[in-house]
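Student: Would you mind keeping the following structure in view while I ask a few things?
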Amino acid sequence: MKKWKMSIIAALLLLTGCQTSDQQAPVLTLSKSRVQVALNEKIDYSTYILKAVDDVDGDLTDQVTHSEIDTTSVGKKVIHYYVEDQSGNQSQQDLTVDVVEYVGDLINPITAQADTVENPEDVTVLVNKLHEIPEGWKPDDLEKVIDCSQQLRKEANEAYTRFYQAAKAQGIDIYTISAYREPETQQLYWDNSVKVFGEEHAIQYNAYPRRSEHELGLSVDISYTTQGDRLSEKVADSPLGRFIVSDGYKYGFILRYPQDKVRVTGYSYEPWHIRYVGVELATKLHNENITLEEYYEG
Ligand SMILES: [Zn+2]
């Protein structure tokens, strides 16, 4: 046989050899990275599997297996999902599950097991009933807001001043009610609320110490009035409430606790509470109509 013929055969053998040996593990994709489920809730494990695709074997979605978790106790648990292709290459993806106790639609922060955040100084940090500020941390660049002695962090305050002036320029009534809160103050509010009105009331109306965004110096409660019940759902129907929703993101602010996302944020609807996250992230959240929780955890 001629030399060139032999090289063609050799090349063909090599090629087929490559095709039969599958070295690539399948790509396993989950729909979320972290979810909350209620105490004693039955988990539908398959709902979190988006797809599993292998370069050689194709769609392996129906072959995904998983570990199981116990939902009869609160706490942070992990479900491991696995998939293997015909050649034995394995992939694993984890889903963190916070088993929480609900009081109505709200997470009970007393029994919830929270992670301590590592980046409290980052303006995009996620703080909620399951992510707490490190003990003793305080912002070091607080400044007074434009219309009273309340404080915000420098970057948030500069954005808030622009937001405030833009509202004023449109003839909208705007008043700062509450911004930065010392951790000690938040603790005091919580303890007092529990003592006077009971735990259920506190869960409904107060943030748990170290899990309030007000302690970050990035959140502010605003109203169209300084009289009466300033922080009520009436804010939503005011020109200010509408301005928050339509224009807040242009200044880096999001409506942090929307009406239709109570189960996601763990907080009641608060049309008066805005949070600074920077223009880039605020615009993304606005355009996709998602909360900070959905941005980080799917
Ligand atoms: Zn607030």
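Student: Cβ-Cβ below 8 Å, separation at least six or inter-chain, first residue in segment 252-268 and under 17 Å from VAL220 (Cβ atoms) and buried (at least 18 other Cβ atoms within 10 Å of the Cβ), second modelled with pLDDT under 95 and of a type in the set (Val, Ile, Thr): which pairs?
Tutor: ARG256/THR265; TYR257/THR265; PRO258/THR265
Student: Collect the residues in segment 172-186 that are touching a residue at least 40 places away in the same chain (Cβ under 8 Å) and either of a type in the set (Ser, Thr, Tyr) or away from the ligand (no atom under 16 Å from the Cβ) (or both), keeping them in residue-number order.
Tutor: We begin by selecting, within segment 172-186, every residue touching a residue at least 40 places away in the same chain (Cβ under 8 Å); these are 172-180, 182-183.
Result: ILE172, ASP173, TYR175, THR176, SER178, TYR180.
Student: Is there a residue being aliphatic (A, V, I, L, M), at pLDDT below 95 and over 18 Å from the mean Cα position of the chain (by Cα) anywhere in segment 214-231?
Tutor: Step one: list which residues in segment 214-231 are aliphatic (A, V, I, L, M), which gives 216, 218, 220, 222, 231.
Next, only the ones that are at pLDDT below 95 stay: 231.
Remaining after also requiring over 18 Å from the mean Cα position of the chain (by Cα): 231.
Yes: one or more hits.
Student: Considering each residue of segment 269-298, count those that are surrounded by fewer than 18 Cβ atoms within 10 Å (Cβ to Cβ), under 22 Å from VAL235 (Cα atoms) and of a type in the set (Phe, Trp, Tyr), and give that number.
Tutor: Total meeting the criteria: 1.
Student: Just checking, does segment 145-159 include any residue being loosely packed, with under 14 Cβ neighbours inside 10 Å, closer than 24 Å to TYR295 by Cβ, modelled with pLDDT of 95 or more and within 21 Å of the chain's Cα centre (by Cα)?
Tutor: The answer is no; no qualifying residue exists.
Student: Let me ask another. Among the residues of segment 198-216, which ones are small (Gly, Ala, Ser) and away from the ligand (no atom under 14 Å from the Cβ)?
Tutor: Looking only at segment 198-216, we keep the residues that are small (Gly, Ala, Ser), and these are 198, 202, 207, 212.
GLY198, ALA202 - these are the residues of segment 198-216 that are small (Gly, Ala, Ser) and away from the ligand (no atom under 14 Å from the Cβ).
Student: Select from segment 20-51 the residues that are open to solvent by 80 Å² or more (accessible area, probe 1.4 Å) and among the hydrophobic types (A, V, I, L, M, F, W, C) and list them in ascending order.
Tutor: VAL27, LEU50
The values are calculated or read from the model by the stated rules, or taken from the named source; none is laboratory data. Treat the numbers as computed from the prediction; the structure is a model and nothing was measured. Don't worry about glycine lacking a Cβ; one is built from the backbone with ideal geometry, like all the others, and counts go over all protein chains shown. Side chains included, ligands, DNA and RNA excluded: accessible areas come from the protein's heavy atoms. Shrake-Rupley method; radii C 1.70, N 1.55, O 1.52, S 1.80 Å.
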